[in-house]
1. Which residue, of SER445, SER431, is hydroxyl-bearing (Ser, Thr, Tyr), open to solvent by 50 Å² or more (accessible area, probe 1.4 Å), part of a helix (DSSP H, G or I) and within 30 Å of ASP470 (Cβ to Cβ)?
2. May I ask you to list pairs of residues, at least six apart or on different chains, whose Cβ atoms are under 6 Å apart, with the first in segment 433-458 being farther than 13 Å from LEU478 by Cβ and the second being in a loop (DSSP other than H, G, I, E, B)?
3. Only one of these is over 37 Å from the mean Cα position of the chain (by Cα) and in contact (Cβ under 8 Å) with a residue 24 or more places away in the chain: ARG198, ARG217, ARG148, ARG225. Name it.
4. Among LEU306, LEU348, which is in contact with a Lys or Arg (Cβ under 8 Å, 6 or more places away or on another chain), in contact (Cβ under 8 Å) with a residue 24 or more places away in the chain and open to solvent by less than 30 Å² (accessible area, probe 1.4 Å)?
5. Of a type in the set (Phe, Trp, Tyr) and surrounded by 15 or more Cβ atoms within 10 Å (Cβ to Cβ): is that true of PHE297 in this structure?
6. Residues that are in contact with a Ser or Thr (Cβ under 6 Å, 6 or more places away or on another chain) and under 21 Å from LEU499 (Cα atoms): does segment 559-580 have at least one?
7. Being assigned to a helix (DSSP H, G or I) and hydrophobic (A, V, I, L, M, F, W, C) is the filter; apply it to segment 568-587 and report the residue that is surrounded by the fewest Cβ atoms within 10 Å (Cβ to Cβ).
Amino acid sequence: MIRKGLFFILSVLLLPLWATDIRPDTGPLPELLREASPLSADDYRKVAAMTDFALFINHVFHAPDKTTLPDSIIEKLYDVLEKDPSSREITALVAADLADFIARKQERLQRLARIAGAHPENLSLNLLTAGLLSGKLKDKALVLKNTRQAVALLKKALDHVENPSLEEPKDLCGAYSILAVLHASLGEFDQADEAIHRGLKRVPGEKRPELLQTAIRVYFDAMNRSSDQKMFLIGWFVESDRERFTRKFNEASSEFSEILSSPESRLDSERFLAAAAIFSDRGETDLALLIIAAPLFAEPDHLSALRRLAAFYSVSGDFANTARVWKRVLHIRKTPTAFESFMYASSLQRSGDYKSAAAAFAGHVKRFPEDSVALAQYALSCYLAEDYKNAAGIAGRIPSPLPETLYMKALAEERLGDYSAALKTLLQYLSVRKFADEEEKYPVSIQTVLMADKAKRYDVAAAILEPMIDADPENADLLNLLGYLYAEAGINLGTAEKLLLEALELEPDNPAILDSVAWMYFRRKKYWEAKTYIERSLAATPKGESVDSVILDHAGDIYNALGDGKKALSCWEKALCIYSDELDPLKVLKKMEDSRRGTSHP
């Protein structure tokens, strides 16, 4: 689940290391830096310059068109760090080396861990190392070992923090947050709870919301994975682990929402999307919306916030509001991206506003004519808006349409009365659609046969049905269908008789088959035989059910051919009272009028 999928994605994205102002994983830059920044500046500007230099070194390490630095040079960085572990500049360079951590760098990572372990008073270095140790690897045993090592480093470092007010708030908050998350990843929720509890006592107020977000994540995981079993203690049952973590989750959520909704709050909502995902997953949409939409109160044209708001409404199934937000994005952007334009049109379609969706897709494909996916959705929107002509025409413009698009095109052509085109498209659909087995293909084959009947292409109908009958010779429905099509067309009547009598032998009381036999004899001008079978068909209809209108229409024709106008009119009148898309009321009325005038002919 999305929501669960959305929660997972946001959780991964929103676990900052907080170790230093230098992030170990800087991510890809638009293009490779060609030269390093000067390092001659003073004070904080020197640290900023070292950040740029670390990015440069990081690119040198990983650029595919560059030779990586020799290990001997990299080892010197660690030598320097051992002598000066408090140097944030050297730490930044080591972080650049380990940013894209892989198993072969485990030895250097362990050297960094030894340096950090020897200096527990350096919280920043230990936090950075713990973050690198908790990186993802395929080796599960190594991941477990590194995670426990990271926990040990953080606990030892936090125990050496004597005066929290003198520590960097970001480092302190990050240390307790990562410690809690690491404990939770090991299933140690009580230890995670303890880390959160200690952190909330020691972390300064401005960083408290970030630690509360970690608490919400950890408690959410804990209450979903904990037991419901209650312990009996001194005469009463105490709360289960799930109840305890649910209570703690609610308490953390309540405090978090109070801080965020305070008029004095100046928090950066983008840092709390993980909490928003959890609230959304639990159905607490008001809290999620509060976080996601907060930047828009100060900056209504905040594009990132608008995109997140659109995603929130989409996940919530509120596609009307999703479309409204994307419309705002398009208005701001003036020249929207293909993604933004497509999402606006798609949201309109999913909201049920098919005409607007068709118009939006029309604009989209005009700007992005190569977008065949959008073209297919444009055709679908037209079909849903009952604009069948445009639906068929647009679908026909797609170079290699998907089977689903072909099927929709065939339905549109049928609605337009162009049965020959619909049959051609259905045959194309049958040729490209991959069916799991013959059972799955069966209803589409029958639909194609019926379309061939409408298009008066009985040769096509026979070409489809005959192999099906050969494969299943005792299928009365298939025998009846082909025999009836021949009878209706007035062709191959000898073959039709053989097929229909075989079907009747298999199901002697089937009113549809009896009707087909009657109609076959009618076409052969054997009216008394036709009368025998049509009356059996009328009598075979189960009690409590209406007689099929087509059977009544056939009965009227047969009685009329035998000169019994009164019975014919009665049958036709009853047929008109029962709706059927296979019956043409105008033709029936014409037959009734001719019968009254005495001008009707069989």
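The values are calculated or read from the model by the stated rules, or taken from the named source; none is laboratory data. Fair warning: this is a prediction, and the values are worked out from it, not measured in the lab. Note: ideal-geometry Cβ built from the backbone for every residue, glycine included; neighbour counts use all protein chains shown. Heads up: the accessible areas ignore ligands, DNA and RNA and are worked out on the full protein's heavy atoms, side chains in. Shrake-Rupley method; radii C 1.70, N 1.55, O 1.52, S 1.80 Å.
1. On the way: SER445 fails: open to solvent by 50 Å² or more (accessible area, probe 1.4 Å).
None of the others qualify; the one that does is SER431.
2. As it stands, the answer is LYS441/PHE435, since those pairs meet every condition given.
3. Values: ARG217 fails: over 37 Å from the mean Cα position of the chain (by Cα); ARG148 fails: over 37 Å from the mean Cα position of the chain (by Cα); ARG225 fails: over 37 Å from the mean Cα position of the chain (by Cα).
Within the list ARG198, ARG217, ARG148, ARG225, the selection yields ARG198.
4. Values: LEU348 fails: in contact with a Lys or Arg (Cβ under 8 Å, 6 or more places away or on another chain).
Answer to the check: LEU306.
5. Numbers: of a type in the set (Phe, Trp, Tyr): yes; surrounded by 15 or more Cβ atoms within 10 Å (Cβ to Cβ): no.
No: the conditions fail for PHE297.
6. No, segment 559-580 has no match at all.
7. Kept after step one, since they are assigned to a helix (DSSP H, G or I), are these residues of segment 568-587: 568-576, 585-587.
Filter once more, so that each one left must be hydrophobic (A, V, I, L, M, F, W, C): 568-569, 571-572, 575-576, 586.
Details: ALA568: 22, LEU569: 17, CYS571: 26, TRP572: 22, ALA575: 23, LEU576: 16, LEU586: 7.
Applying the filter and picking the extreme gives LEU586.
One line per residue, one yes/no per condition, for (1) without any contact (Cβ under 8 Å) to a residue 24 or more places away in the chain; (2) surrounded by 19 or more Cβ atoms within 10 Å (Cβ to Cβ); (3) of a type in the set (Gly, Ala, Ser):
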site: ASP84; (1), (2), (3): yes, no, no
site: ILE90; (1), (2), (3): yes, yes, no
site: GLU107; (1), (2), (3): yes, no, no
site: LEU127; (1), (2), (3): no, yes, no
site: SER134; (1), (2), (3): no, yes, yes
site: LEU137; (1), (2), (3): no, no, no
site: LEU142; (1), (2), (3): no, no, no
